[in-house]
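Have a look at the structure below before the remarks.
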Amino acid sequence: MNFGPMYVMWLRQLKRYARSKSRMIGALGQPLLFLIALGFGFGPIYEKAGGGDYIQFLAPGVIAMSILFTSMFSGIEIIWDRQFGFLKETLVAPVHRWQIMLGRTLGGATVALIQGIIVLLICFVFGFRPTHFLYLLVALPLMFLIALLFTTLGTAIASRLDDMQAFPLIMNFLIMPMFFLSGALFPLEGLPKGIAAVTLVNPLSYGVDSLRAVLIGSSHWGLLTDLVVLIVFLALTSIWGTYSFSKIEV
């Protein structure tokens, strides 16, 4: 197997991220807002209700949110490259399209992982502490798995679009409900049946739950269930993303 095209696309994604300082800073705005406004605003209420330290509960959800946003919006680069001709030059190369798609996905997921690590460090500043710091070694592969899942989903959607203005609208339509109904901000126990049903089919719910299981030892479904569901979702989105990318016309 020729890994050259995959490596080139992976490296290109990282270079784009390194050059875009405004993108790096801008992606930290929402996590900081949630940590400050919700962490310290709702913290006393959550503690009085018997939930404990809200920052401990909130931090895994904010980390997952950062990964979600960065991963999904990495797909817009496909539309950008299509409009400016770079994608055409890439697709006419004598390599399989799935190799190009895989390289882009790995690059986008790596960028999302870096963003998640930065947010994790910020959470430490705000008082978050994992159950054991060695568990961070388990959390990092989980964060990368979540990043892969949502990068492939963003790539699949972007491969079907050619309007750069439509992509952010569709992403926000998907991302905001996915985040708010994932249990990132509230416990999943005792929810109304309708919301509970949505959380069951929401892949981010299992990403947040898996991070909580590893970082603070609290899980709704259990780490094994979270992993199985995330891997199944990743397999499905990878198939869809590969098919959609292979059908791109430039």
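Just so it is clear, none of the values below were taken in a lab; they were calculated from the coordinates. Treat the numbers as computed from the prediction; the structure is a model and nothing was measured. Here Cβ is always computed from backbone atoms with ideal geometry, including for glycine, and neighbour counts include all displayed protein chains.
Summarising the amide proton neighbourhood of residue 218: residues at separation of 5 or more, or on other chains, whose placed amide H is nearer than 5 Å comprise 213. The convex hull defined by the C-alpha atoms of the stretch 191-250 has an orientation-averaged projected area of 5.6 nm². Per-peptide packing, taken as the mean over residues of other Cβ atoms within 10 Å, places 112-125, 35-48 in the sequence 112-125, 35-48 from highest down. The label-point distance for residue 49 and residue 97, in a model that sets each label 7 Å from Cα toward Cβ, rounds to 4.7 nm.
Across the stretch 218-223, coupling constants 3J(HN,Hα) worked out from phi with the 6.51/-1.76/1.60 Karplus curve, θ = phi - 60°, read 10, 9, 8, 9, x, 4 Hz, and Gly and Pro carry x. A crude spin-label estimate for the pair residue 246 and residue 224, with each label 7 Å from Cα along the Cβ direction, gives 3.5 nm. If the chain linking residue 160 and residue 36 were pulled fully straight, counting 0.36 nm for each residue of separation and taking away their Cα-Cα distance, it would gain 40.9 nm.
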